[in-house]
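The values are calculated or read from the model by the stated rules, or taken from the named source; none is laboratory data. Predicted model only: the values in this text are computed from it and were never measured. Note that each Cβ is placed from the backbone with ideal geometry, even for glycine, and that neighbours are counted across all protein chains shown.
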Amino acid sequence: MKHIFFLFLFLFSCSNHTIIPKPKAFFYNELSVPSYVNYITDCGYSFFINSNNEIDLENCNMKIKNSSLNSTLYLSKINIQNNFSLIDSDFSKKINENSKNAFVVNVSEYNDLENKVFAKYFSFIGDAPSNTRFYITDSISVYLTGSLYFDSKPNYDSLLPSIHLLNNDIRKMIQTFKWK
């Protein structure tokens with residue numbers, strides 16, 4: 001009788017399915033279709049921007065906050081005074097520091113000779129502190145730098161949909177940029 005009991009216990013206690021721990025989940029953002037408006041500054045330039053953003057402008061330095069994606073795009077205006085190479089060198093140093101945690105750095109340029117808008121855009125694939133950095137300049141008097149940051153720990157995989165949407169907004173900004 002004991003043997004039959006242990007036989008049943010042995011047969012019914014074994015199963016072929018394995019227990020897998022529950023993976024970590026990430027917050028899902030509902031991404032909306034962007035609507036763009038022309039934003040005109042008192043700092044000598046204008047561009048189209050996503051109407052969902054909140055803008056904080058102080059001394060021609062700008063914080064463009066997207067609260068639904070927990071992100072901030074920082075824009076800094078630098079006046080060129082025979083120091084273009086120094087400013088460009090400083091920007092390149094920041095790009096090198098930011099790319100330490102990136103697997104790939106994609107670079108693209110935008111040149112609008114008619115409106116004297118010259119831009120270079122860097123997107124970082126990987127857990128970099130800033131997934132997008134860029135500059136816009138007229139190459140004579142103004143150098144505008146931009147950096148995108150999220151209010152969370154860098155995790156490229158979970159932030160990818162938000163990064164993609166915000167990079168489209170940044171490209172729209174660059175392509176519609178006008179100096180006054």
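Residues in the range 96-110: is at least one in contact (Cβ under 8 Å) with a residue 60 or more places away in the chain and out of contact with any Cys (no Cβ under 8 Å at 6 or more places or on another chain)?
Looking for residues that are in contact (Cβ under 8 Å) with a residue 60 or more places away in the chain and out of contact with any Cys (no Cβ under 8 Å at 6 or more places or on another chain), one finds at least one in the range 96-110, hence yes.
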(message) Can you go through Asn115, Asn66, Asn82 and tell me which one is under 17 Å from Ser141 (Cβ atoms), of a type outside the set (A, V, I, L, M, F, W, C) and in contact (Cβ under 8 Å) with a residue 40 or more places away in the chain?
(response) Asn115
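On the basis of being free of Cβ contacts under 8 Å to residues at least 60 places away in the same chain, surrounded by 16 or more Cβ atoms within 10 Å (Cβ to Cβ) and touching a strand residue (DSSP E or B) at 6+ places or on another chain (Cβ under 7 Å), does Leu159 make the cut?
Numbers: free of Cβ contacts under 8 Å to residues at least 60 places away in the same chain: yes; surrounded by 16 or more Cβ atoms within 10 Å (Cβ to Cβ): yes; touching a strand residue (DSSP E or B) at 6+ places or on another chain (Cβ under 7 Å): yes.
So Leu159 passes the test.
I'm trying to understand the selection: among the residues of the range 19-35, which are in contact with a strand residue (DSSP E or B) (Cβ under 8 Å, 6 or more places away or on another chain) and either of a type in the set (Gly, Ala, Ser) or at pLDDT 95 or above (or both)?
Residues of the range 19-35 in contact with a strand residue (DSSP E or B) (Cβ under 8 Å, 6 or more places away or on another chain): 34-35.
Scanning the range 19-35 gives a single hit, Ser35.
Report whether or not Val104 is over 25 Å from Asn59 (Cα atoms), out of contact with any helix residue (DSSP H, G or I) (no Cβ under 6 Å at 6 or more places or on another chain) and at pLDDT 90 or above. Before you say what the answer is, go through the steps one by one.
On the way: over 25 Å from Asn59 (Cα atoms): yes; out of contact with any helix residue (DSSP H, G or I) (no Cβ under 6 Å at 6 or more places or on another chain): yes; at pLDDT 90 or above: yes.
So Val104 fits the description; yes.
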(request) Could you list all residues from the range 66-110 that are of a type in the set (D, E, K, R), surrounded by 15 or more Cβ atoms within 10 Å (Cβ to Cβ) and touching a strand residue (DSSP E or B) at 6+ places or on another chain (Cβ under 6 Å)? (result) Lys77
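So, Thr137, is that one in contact (Cβ under 8 Å) with a residue 24 or more places away in the chain, crowded, with 20+ Cβ neighbours inside 10 Å and closer than 18 Å to Met62 by Cα or not?
Judged against the criteria, Thr137 is a match.
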(message) From the list Lys120, Lys93, Lys172, exactly one residue is in contact (Cβ under 8 Å) with a residue 12 or more places away in the chain and either in a helix (DSSP H, G or I) or touching a Leu at 6+ places or on another chain (Cβ under 8 Å) (or both). Which is it?
(response) Lys172
